1. What angle, in degrees between 0 and 90 and rounded to the nearest 10, separates the Cα long axis of helix 32-41 from the longest principal axis of the Cα atoms of the chain?
2. Which Cα, out of Leu2, Gly72, Leu29, lies furthest along the positive dipole direction of the chain (beta carbon charges, K/R +1, D/E -1)?
3. Can you give me the distance in nm between label points at Cys1 and Leu21, each placed 7 Å from the Cα along the Cα-to-Cβ direction?
4. Quick one: what are the phi-derived ³J(HN,Hα) couplings along region 79-91, Karplus 6.51/-1.76/1.60 with θ = phi - 60°, whole Hz, x for glycine and proline?
5. For the chain, what does -39500 (n - 2.57) per DSSP helix run (n ≥ 4), summed and divided by total residues, give at 222 nm, in deg cm²/dmol to the nearest 500?
6. Can you list the residues, at least 5 places off or on another chain, whose amide H is less than 5 Å from the amide H of Gly73, using H built in the peptide plane?
7. When DSSP assigns beta bridges and you keep just the ones with both residues in the chain, what percent turn out antiparallel, to the nearest 5?
8. Calculate the spin-label point distance for Lys114 paired with Asp54, positioning each point 7 Å from the Cα along the beta-carbon direction, and give it in nanometres.
Amino acid sequence: CLDINKETTKVASNFFKKASLDNKIKIILAPAMDSLNKLKNENEKFDMIFIDADKENYINYYNLSYQLLKKGGLIIIDNVLWKGEVSNSDKKDRLTTVIKNFNSTVKEDERVEKTILPLGDGLTICKKI
């Protein structure tokens, strides 16, 4: 679990303990890009990666996550429907544009099979092929 916020990390850690999962979940408190690069340099591999962070870096997190993913592994990305704003051609604010561009990039990525689940604010599930 990568996080940069000490307070939310403390809350998450308490819930991991209550669920008796604290021995299975490692929390890394640092900027996600730094942590992902460190994991990549350590040749770590994962079955699943969940991205829900600063939207401006979604594409960077996605590209690094792809490198960390085992074949057949999943990348799940949250907030891809952006309250439905991604379908509004008149909506051109910075974050909506970032999410629209991210979605287009994933759509064109032939390295993965992908689908969008319209649950909550939208989840994209990508399977590394």
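1. Taking the Cα atoms of the chain, the angle to 32-41 is about 70 degrees.
2. Gly72
3. 0.8 nm
4. 6, 7, 9, 6, 6, x, 5, 5, 8, 8, 5, 7, 7
5. Values: 4 runs with 49 residues, N = 129.
Result for the chain, helices only: -12000 deg cm²/dmol.
6. Amide H neighbours of Gly73: Lys128.
7. Numbers: 11 of 18 bridges.
Among the beta bridges of the chain, antiparallel pairing accounts for roughly 60 percent.
8. 2.2 nm
The values are calculated or read from the model by the stated rules, or taken from the named source; none is laboratory data. What you see is a predicted model, and the numbers here were worked out from it, not measured in a lab. Every residue, glycine as well, gets a Cβ built from its backbone with ideal geometry; the counts of neighbours run over all protein chains shown. Keep in mind that these areas ignore ligands, DNA and RNA; they rest on the heavy atoms of the full protein, side chains included. Shrake-Rupley method; radii C 1.70, N 1.55, O 1.52, S 1.80 Å.
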